[in-house]
Amino acid sequence: ASRADAIVLQETKRAGLASCTEAEQAARGVKWTVAVSPALVTGDGGISSGVAVGARSHIGMLTPVAATGDDAVDASRFAIQTIGAVCHGGVHLGSLYLEHTAGICSAVNADTLQAVAGVLRRLVGPWIIGADWNDTPAALIQSGWLDLVDGVVVAPNAPTCRASGKVYDFFVVSRSLAHAVVGVRALADAGPWPHNPSRIYLRAGSRAIMIRQLQRPKGFGAALPFGPDP
């Protein structure tokens, strides 16, 4: 039902590859390409976490090389895809779900953020991470993680968690893409409880925005021509 061009989801709660494949096939039926990561099966048989990244079916999507073969990343809590849109070479779009009630600076969430930072540092090109951080933007800024990944917080003004009245669902974008962000809004009529989803708006034609920067001059050859310059 969403009119967005791309989407990130948390707590998908799809356990096992067969269940994830079934969800991906169902998404294709409504013109979406979605990559679903298996959720975690708890000791008592419950299903927890699970994340997904998706885009409209006419937009290309693939898994970046930097995100493959990294055993430090918990696939049930973080997934990232390259979306063939926004700028030349596309943009990397990630979905992250941190442990609730623990706080960003807890050991379990710090380990997850450290692993995510390793993936982001290996990426080539701009990225966007949409997450249920289960903590506030101020807590993430104070953790120092943004300096590690060279990212910028973009969050809605309205609360996204109706139970606590706080903003838990927001985005972090790479500093190189921050100029293209128009704003972020909390969607109050989407339906899920207790969180409201957030939507990020990017400036159209962001690839045409020019940034002034220093350019190293070309070198001068050491061998001068004989005689005057014709």
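The values are calculated or read from the model by the stated rules, or taken from the named source; none is laboratory data. Quick caveat: nothing in here was measured; it's all calculated off a predicted structure. Here the Cβ is made from the backbone with ideal geometry for all residues, glycine too, and neighbour counts use every protein chain on show. Keep in mind that these areas ignore ligands, DNA and RNA; they rest on the heavy atoms of the full protein, side chains included. Shrake-Rupley method; radii C 1.70, N 1.55, O 1.52, S 1.80 Å.
Among (1) over 21 Å from L113 (Cα atoms); (2) aliphatic (A, V, I, L, M); (3) in contact with a strand residue (DSSP E or B) (Cβ under 6 Å, 6 or more places away or on another chain), there is one condition V30 misses while meeting the rest; what is its number? Only one criterion is unmet by V30, namely (3).
To keep it simple, each residue is scored yes or no on (1) in a helix (DSSP H, G or I); (2) open to solvent by 30 Å² or more (accessible area, probe 1.4 Å).
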| residue | (1), (2) |
| --- | --- |
| D44 | no, yes |
| S76 | no, no |
| N109 | yes, no |
| L113 | yes, no |
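Residue count for the stretch 167-202, restricted to those that are surrounded by 13 or more Cβ atoms within 10 Å (Cβ to Cβ), of a type in the set (A, V, I, L, M) and part of a strand (DSSP E or B): 7. All conditions but one from (1) at pLDDT below 95; (2) under 15 Å from V172 (Cα atoms); (3) open to solvent by 20 Å² or more (accessible area, probe 1.4 Å) apply to P137; the one that does not is (1).
Looking only at the stretch 87-99, decide whether some residue is open to solvent by less than 20 Å² (accessible area, probe 1.4 Å), small (G, A, S) and free of Cβ contacts under 8 Å to residues at least 60 places away in the same chain. Yes.
Do we find that R162 is open to solvent by 40 Å² or more (accessible area, probe 1.4 Å), in contact with a helix residue (DSSP H, G or I) (Cβ under 7 Å, 6 or more places away or on another chain) and touching a residue at least 12 places away in the same chain (Cβ under 8 Å) in this structure? So R162 does not fit the description; no.
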